[in-house]
């Protein structure tokens with residue numbers, strides 16, 4: 001976490017400059033399972049993008065290009081809605097030793 | 001006085017078992033506290049819960065800064081939540097993982113006692129699917145609490161909420177974890 | 001030019017000249033005529049204000065908060081129960097540092113139901129974070145509405161402000177008021193410059209975010225720093241106003257015949273005028289008595305009060321509301337002032353005028369005359385109450 005500011009350094013009224021408090025609040029750490037997008041299976045129907053409650057499906061030129069893992073909370077809606085099973089939910093365990 | 005810090009995720013039941021642990025300690029004749037750290041509590045968000053256990057009346061109401069035990073209910077929090085921060089050098093790190101003690105020591109850099117158990121697998125095999133009850137069993141074993149007291153209290157508190165069949169499955173998971181942690185304490 | 005108008009009208013006149021972008025009001029009993037007058041101005045095209053008639057006082061302040069955050073100059077008015085309903089959002093306006101000026105027609109809180117004057121409503125809003133001014137006359141009501149606007153919008157302050165006017169004795173009483181010319185008043189108030197307006201889409205900010213234990217405290221400390229700046233700004237603005245209007249306003253408090261006084265009253269609001277009569281009457285008989293009127297009630301002018309009372313031997317603090325289970329709120333503030341400055345006269349608390357119970361110059365003179373003889377144990381007394 002960044003160093004906390006003292007009271008003299010805070011913006012008036014507690015506003016968050018930039019207007020996107022969400023951008024500063026990385027909710028990706030809430031995730032227990034991560035959606036892994038499989039480009040080969042994807043038909044670019046954009047259903048995942050429509051349904052994602054956290055705008056965490058990244059699209060460029062109207063095409064899905066990946067997942068914003070800084071904000072994706074791992075709800076799995078994208079995987080559930082995908083008509084081609086192109087998104088797998090994978091446990092988030094880092095460096096797991098599971099056999 | 002012993003202090004415990006639990007690291008879990010919203011919905012995994014870490015707070016619930018911290019409260020059950022307090023009931024168990026009460027049965028042992030201890031003074032207890034159990035409290036969660038309140039934040040934007042949402043399913044999946046990292047949460048912390050705490051226990052204090054003492055032979056004397058507990059007067060302090062401040063946060064826990066240097067626990068004797070840190071309990072990792074969800075392995076994905078092992079590095080992101082820095083569970084060894086403030087953990088007493090002679091304290092114990094209890095981790096739900098399939099990794100070995102050595103692997104956890106390398107990943108955390110913690111020099112004190114480490115107890116590992118695969119609580120996810122224990123829960124899965126017992127048919128409960130939850131890691132919190134196994135982790136409660138492990139913590140009770142680390143604390144040296146007698147099995148009979150642990151079982152009695154879990155049967156009493158959980159028996160009010162779940163079916164007999166599910167309760168028995170939970171007791172199976174609790175016992176497996178209790179034994180695994182006992183072995184871990186003796187070995188690690 | 002001198003005119004005759006009620007306190008309500010005096011507020012409305014000042015508002016007409018300030019001409020805020022948004023006025024949000026709820027005309028519930030006992031709402032004041034302020035909103036009615038202002039609605040007429042809007043209807044008649046005299047002012048270009050968005051008048052938002054909402055469904056409650058809570059919503060009125062909520063609409064004010066929204067409009068102020070959007071970047072508008074905003075005003076409202078309320079009274080009694082309306083203030084009680086509104087006060088939750090007043091804390092939010094202060095926390096968000098929004099310069100909303102509000103006239104508060106001081107009337108008692110239920111139960112029992114009563115529509116008349118006391119200060120229980122102002123005391124309820126005491127800790128909300130708004131600065132509060134109390135007025136003695138309709139002229140002061142007019143003047144301090146303009147002054148409050150400048151203070152609220154000052155860069156160092158940016159807080160809501162309350163202009164208190166006693167119910168009926170000021171709100172409904174026609175008095176002589178000399179308003180400024182429109183152009184002069186408008187120039188005095190100046191052009192409003194919003195800070196971080198929501199409608200400035202090129203510089204977006206998030207308003208009203210969550211602040212957990214790691215930041216809430218710092219933000220509240222910053223708010224305290226802002227309200228602590230009010231006395232300095234108040235004196236500056238008051239000076240500028242005095243120079244322009246010729247009205248002799250000086251100080252956070254008004255000292256009336258206090259210099260050589262050995263006994264004094266401390267009061268808020270219109271009772272100060274009545275108290276001046278009492279002081280004059282006793283002075284003409286050679287009694288050394290005086291009066292301290294507190295203009296700026298929040299932030300409380302501790303030093304000014306202590307230095308004004310430095311040589312007084314017996315002080316009677318008059319509270320027009322009971323702080324149940326405690327000494328009067330004004331008394332507590334005066335006591336704090338004196339202790340902070342190690343000035344320790346005999347200090348007495350009198351509760352008076354609840355629910356519009358009249359207070360006369362004779363009663364106030366009686367308090368002053370008997371002050372030396374009050375037993376020290378009788379710290380809390382009541383004026384004009386039947387046993």
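The values are calculated or read from the model by the stated rules, or taken from the named source; none is laboratory data. Small disclaimer: the values here were computed from a predicted structure and weren't measured. FYI the Cβ positions are ideal-geometry reconstructions off the backbone, even for glycines, and counts take in every protein chain you see.
Please tell me if residue B:84 is farther than 28 Å from residue B:26 by Cβ, part of a loop (DSSP other than H, G, I, E, B) and either within 15 Å of the chain's Cα centre (by Cα) or modelled with pLDDT of 95 or more (or both).
Values: farther than 28 Å from residue B:26 by Cβ: yes; part of a loop (DSSP other than H, G, I, E, B): yes; either within 15 Å of the chain's Cα centre (by Cα) or modelled with pLDDT of 95 or more (or both): yes.
Here the answer is yes, as residue B:84 does meet what is asked.
Just to be sure I understand, how many residues within region B:138-163 are under 18 Å from residue B:49 (Cβ atoms) and either touching a strand residue (DSSP E or B) at 6+ places or on another chain (Cβ under 9 Å) or modelled with pLDDT under 95 (or both)?
Counting residues in region B:138-163 that are under 18 Å from residue B:49 (Cβ atoms) and either touching a strand residue (DSSP E or B) at 6+ places or on another chain (Cβ under 9 Å) or modelled with pLDDT under 95 (or both) gives 6.
Tally time: how many residues in region A:25-60 are closer than 30 Å to residue C:210 by Cβ and assigned to a loop (DSSP other than H, G, I, E, B)?
Step one: list which residues in region A:25-60 are closer than 30 Å to residue C:210 by Cβ, which gives A:25-35, A:48-59.
Within this subset, residues satisfying the condition of being assigned to a loop (DSSP other than H, G, I, E, B) are A:25-26, A:31-32, A:52-56.
Within region A:25-60, residues that are closer than 30 Å to residue C:210 by Cβ and assigned to a loop (DSSP other than H, G, I, E, B) number 9.
Of these, C:281, C:248, C:264, which one is assigned to a helix (DSSP H, G or I) and either out of contact with any strand residue (DSSP E or B) (no Cβ under 7 Å at 6 or more places or on another chain) or under 21 Å from residue C:347 (Cβ atoms) (or both)?
Going through C:281, C:248, C:264 in turn, just one is assigned to a helix (DSSP H, G or I) and either out of contact with any strand residue (DSSP E or B) (no Cβ under 7 Å at 6 or more places or on another chain) or under 21 Å from residue C:347 (Cβ atoms) (or both): C:281.
Residues are listed down the side, and each one gets a yes or a no for (1) touching a residue at least 60 places away in the same chain (Cβ under 8 Å); (2) under 30 Å from residue C:324 (Cβ atoms); (3) part of a loop (DSSP other than H, G, I, E, B); (4) outside the structural domain of residue C:189 (by TED's automatic domain parsing):
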residue	(1), (2), (3), (4)
C:117	yes, yes, yes, no
C:121	no, yes, no, no
C:147	yes, no, no, no
C:170	yes, yes, yes, no
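Within region B:31-47, is there a residue that is farther than 22 Å from residue B:152 by Cβ, in contact with a strand residue (DSSP E or B) (Cβ under 7 Å, 6 or more places away or on another chain), surrounded by fewer than 17 Cβ atoms within 10 Å (Cβ to Cβ) and away from chain A (no Cβ under 14 Å)?
yes
Among the residues of region C:328-363, write down those that are under 22 Å from the mean Cα position of the chain (by Cα) and part of a strand (DSSP E or B).
Once the filter is applied, which keeps residues that are under 22 Å from the mean Cα position of the chain (by Cα) and part of a strand (DSSP E or B), region C:328-363 yields C:349, C:350, C:351.
Please enumerate the residues belonging to region C:1-46 that are more than 16 Å from residue C:103 (Cβ to Cβ) and assigned to a loop (DSSP other than H, G, I, E, B).
Once the filter is applied, which keeps residues that are more than 16 Å from residue C:103 (Cβ to Cβ) and assigned to a loop (DSSP other than H, G, I, E, B), region C:1-46 yields C:1, C:2, C:21, C:29, C:44, C:45, C:46.
When you scan region C:88-102, how many residues do you find that are more than 14 Å from chain A (Cβ to nearest Cβ) and within 30 Å of residue C:191 (Cβ to Cβ)?
Taking region C:88-102 as the starting set, the residues that turn out to be more than 14 Å from chain A (Cβ to nearest Cβ) are C:88-90, C:101-102.
Still in the list and also within 30 Å of residue C:191 (Cβ to Cβ): C:89-90, C:101-102.
Residues that pass the stated criteria total 4.
Can you confirm whether region B:4-25 contains a residue that is in contact with a strand residue (DSSP E or B) (Cβ under 6 Å, 6 or more places away or on another chain) and at positive phi?
No, the conditions are met nowhere in region B:4-25.
Could you say which residue among B:95, B:142, B:154 is part of a strand (DSSP E or B) and crowded, with 21+ Cβ neighbours inside 10 Å?
Values: B:142 fails: part of a strand (DSSP E or B); B:154 fails: part of a strand (DSSP E or B).
Residue meeting the stated conditions: B:95.
Go through (1) part of a helix (DSSP H, G or I); (2) within 14 Å of chain A (Cβ to nearest Cβ); (3) in contact with a helix residue (DSSP H, G or I) (Cβ under 7 Å, 6 or more places away or on another chain) for residue C:233 and report which single condition fails.
(2)
Answer with yes or no whether residue B:24 is in contact with a helix residue (DSSP H, G or I) (Cβ under 9 Å, 6 or more places away or on another chain), away from chain A (no Cβ under 14 Å), at pLDDT 95 or above and in a strand (DSSP E or B). Break it down into steps so the answer makes sense when it comes.
Numbers: in contact with a helix residue (DSSP H, G or I) (Cβ under 9 Å, 6 or more places away or on another chain): yes; away from chain A (no Cβ under 14 Å): yes; at pLDDT 95 or above: yes; in a strand (DSSP E or B): no.
No.
Any idea which of C:211, C:264, C:222, C:226 is surrounded by 14 or more Cβ atoms within 10 Å (Cβ to Cβ), at the interface with chain A (Cβ under 10 Å from one of its Cβ atoms) and under 22 Å from the mean Cα position of the chain (by Cα)?
Values: C:211 fails: under 22 Å from the mean Cα position of the chain (by Cα); C:264 fails: at the interface with chain A (Cβ under 10 Å from one of its Cβ atoms); C:222 fails: under 22 Å from the mean Cα position of the chain (by Cα).
Checking each option against the conditions leaves just C:226.
If I filter region C:123-130 for residues that are buried (at least 21 other Cβ atoms within 10 Å of the Cβ), touching a residue at least 40 places away in the same chain (Cβ under 8 Å) and assigned to a helix (DSSP H, G or I), do I get at least one hit?
Yes, region C:123-130 contains a residue that is buried (at least 21 other Cβ atoms within 10 Å of the Cβ), touching a residue at least 40 places away in the same chain (Cβ under 8 Å) and assigned to a helix (DSSP H, G or I).
Could you pull out the residue among B:71, B:116 that is in a strand (DSSP E or B) and within 14 Å of another protein chain (Cβ to nearest Cβ)?
On the way: B:71 fails: within 14 Å of another protein chain (Cβ to nearest Cβ).
That would be B:116, the only listed residue that is in a strand (DSSP E or B) and within 14 Å of another protein chain (Cβ to nearest Cβ).
Here is a check on your reading of the model: is residue B:78 closer than 14 Å to residue B:6 by Cβ and within 14 Å of chain A (Cβ to nearest Cβ)? If you could, list the steps in order and put the result at the bottom.
Numbers: closer than 14 Å to residue B:6 by Cβ: yes; within 14 Å of chain A (Cβ to nearest Cβ): yes.
Yes: the conditions hold for residue B:78.
Rundown of residues vs (1) under 24 Å from residue A:74 (Cα atoms); (2) exposed (fewer than 14 other Cβ atoms within 10 Å of the Cβ); (3) more than 14 Å from chain C (Cβ to nearest Cβ), yes/no style:
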residue	(1), (2), (3)
A:4	no, yes, no
A:9	no, yes, no
A:16	no, no, no
A:28	yes, no, yes
A:37	yes, no, yes
A:41	yes, yes, yes
A:45	yes, no, yes
A:56	yes, no, yes
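Residues of region C:12-45 being in contact with a strand residue (DSSP E or B) (Cβ under 6 Å, 6 or more places away or on another chain) and under 17 Å from residue C:188 (Cα atoms), which ones?
C:15, C:20
Take region A:61-89 and flag every residue that is assigned to a loop (DSSP other than H, G, I, E, B) and in contact with a strand residue (DSSP E or B) (Cβ under 6 Å, 6 or more places away or on another chain). Give the derivation first.
As a first pass, look at region A:61-89 and keep what is assigned to a loop (DSSP other than H, G, I, E, B): A:61-62, A:68-76, A:82-86.
Residues satisfying the conditions are A:68, A:74, A:76.
In the list C:186, C:156, which residue meets the criterion of being surrounded by fewer than 23 Cβ atoms within 10 Å (Cβ to Cβ), out of contact with any strand residue (DSSP E or B) (no Cβ under 6 Å at 6 or more places or on another chain) and within 14 Å of chain A (Cβ to nearest Cβ)?
C:156
So if I check each of C:303, C:238, which one is outside the structural domain of residue C:7 (by TED's automatic domain parsing), part of a helix (DSSP H, G or I) and at pLDDT 95 or above? Reasoning before the result, please.
Values: C:238 fails: outside the structural domain of residue C:7 (by TED's automatic domain parsing).
Among C:303, C:238, only C:303 is outside the structural domain of residue C:7 (by TED's automatic domain parsing), part of a helix (DSSP H, G or I) and at pLDDT 95 or above.
Residue C:109: modelled with pLDDT of 95 or more, closer than 17 Å to residue C:165 by Cα and outside the structural domain of residue C:322 (by TED's automatic domain parsing), yes or no? Walk me through how you get there before you give the answer.
Working: modelled with pLDDT of 95 or more: yes; closer than 17 Å to residue C:165 by Cα: yes; outside the structural domain of residue C:322 (by TED's automatic domain parsing): yes.
Judged against the criteria, residue C:109 is a match.
The rows are residues; the columns are (1) over 9 Å from the mean Cα position of the chain (by Cα); (2) touching a residue at least 24 places away in the same chain (Cβ under 8 Å); (3) on the phi < 0 side of the Ramachandran plot.
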position	(1), (2), (3)
A:32	yes, yes, yes
A:36	yes, yes, yes
A:43	yes, yes, yes
A:53	yes, yes, yes
A:59	yes, no, yes
A:63	yes, no, yes
A:67	no, yes, yes
A:71	no, yes, yes
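Which numbered condition in (1) within 11 Å of chain A (Cβ to nearest Cβ); (2) assigned to a loop (DSSP other than H, G, I, E, B); (3) farther than 27 Å from residue C:144 by Cα is the only one that residue C:195 fails?
It fails just one condition, (3).
Quick check on this structure: which one of C:60, C:105, C:39, C:70 is surrounded by fewer than 24 Cβ atoms within 10 Å (Cβ to Cβ) and either away from chain A (no Cβ under 14 Å) or under 30 Å from residue C:331 (Cβ atoms) (or both)? Walk me through how you get there before you give the answer.
Values: C:60 fails: surrounded by fewer than 24 Cβ atoms within 10 Å (Cβ to Cβ); C:105 fails: surrounded by fewer than 24 Cβ atoms within 10 Å (Cβ to Cβ); C:70 fails: either away from chain A (no Cβ under 14 Å) or under 30 Å from residue C:331 (Cβ atoms) (or both).
Of C:60, C:105, C:39, C:70, the one residue that is surrounded by fewer than 24 Cβ atoms within 10 Å (Cβ to Cβ) and either away from chain A (no Cβ under 14 Å) or under 30 Å from residue C:331 (Cβ atoms) (or both) is C:39.
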